[in-house]
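As structure tokens, the structure follows; a few thoughts come after it.
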Amino acid sequence: MHTDKFHLYLVNDPASGATCFVGTHVPVADVLSASAAGASLEALQAVHPFLSAELLAIADAYMRLPESARQLHPLADAAPAHG
């Protein structure tokens, strides 16, 4: 995925400074941590129904970028959630 497309799925929450999924205040790091700890996609979706395997892969790819390459829109300027 080209890095200028991440803003379609992820935003910066100005209140917390966390990277969140578009249309939510759900921190990407929290979801990825739960996934890494063994939570299944189905378990994650029970709490966050908007999640998909594709969205998790996009979030993971973004968080693997060097911090200097991460540039997102603030939450208030983000488009509505996808899917």
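Here's the yes/no breakdown for (1) without any contact (Cβ under 8 Å) to a residue 40 or more places away in the chain; (2) touching a Phe, Trp or Tyr at 6+ places or on another chain (Cβ under 8 Å); (3) not in a loop (DSSP other than H, G, I, E, B):
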| site | (1), (2), (3) |
| --- | --- |
| K5 | yes, no, yes |
| S16 | yes, no, no |
| C20 | no, no, yes |
| G23 | no, yes, no |
| L44 | yes, no, yes |
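Checking the stated criteria, L51 turns out to be outside any helix (DSSP H, G or I) and at pLDDT 95 or above.
Restricting region 25-42 to residues that are in a loop (DSSP other than H, G, I, E, B) and surrounded by fewer than 14 Cβ atoms within 10 Å (Cβ to Cβ), the residue that is modelled with the lowest pLDDT is H25.
The values are calculated or read from the model by the stated rules, or taken from the named source; none is laboratory data. All values reported here derive from a predicted model rather than from experimental measurement. Please note: Cβ atoms are built from the backbone with ideal geometry, for glycine as well, and neighbour counts cover all protein chains shown.
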